[in-house]
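Engineer: Below you will find the structure I want to go over with you.
Bear in mind these aren't lab numbers, they're just calculated from the coordinates by the rules spelled out. The shown structure was predicted, so the numbers you read here are calculated from the model rather than taken from an experiment. Counting neighbours? That spans all protein chains shown, and the Cβs are built from the backbone with ideal geometry, glycine included.
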Amino acid sequence: MRTLIIIAIGSALAALLLAMFRRDARTLRTVFITFAITWIVVCAWNMWLGVARAGYAVMEEAPFLLANAGVPVLFAWWLQGRLRRRAQA
């Protein structure tokens, strides 16, 4: 359940940021890259908490890191592509 919540928060945050800064294609690319790097770092920190404090193994947490970081970043990539096409038109 926690994984779904983190994915939902990441996807909503990506949509909000991209919608706020949809002025032109260059700005969208910058927002996407900034979001992707920041979200991966946040998810890696979340994984570290699971390993260091909750006692999980790295290999147990790795699939959750991929899901938590990957789904929102892929969604943001897809969304910024759609918004870039609209900004260029």
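Engineer: With +1 on the Cβ of every Lys and Arg and -1 on the Cβ of every Asp and Glu, and nothing else charged, how large is the dipole of the stretch 2-88 about its Cα centre, in debye rounded to the nearest 20?
Structural biologist: 580
Engineer: Let me ask something else. Assuming 0.36 nm per residue, please report the length gained on full extension of the stretch residue 56 to residue 9 beyond their Cα-Cα distance.
Structural biologist: Computed gain between residue 56 and residue 9 is 14.6 nm.
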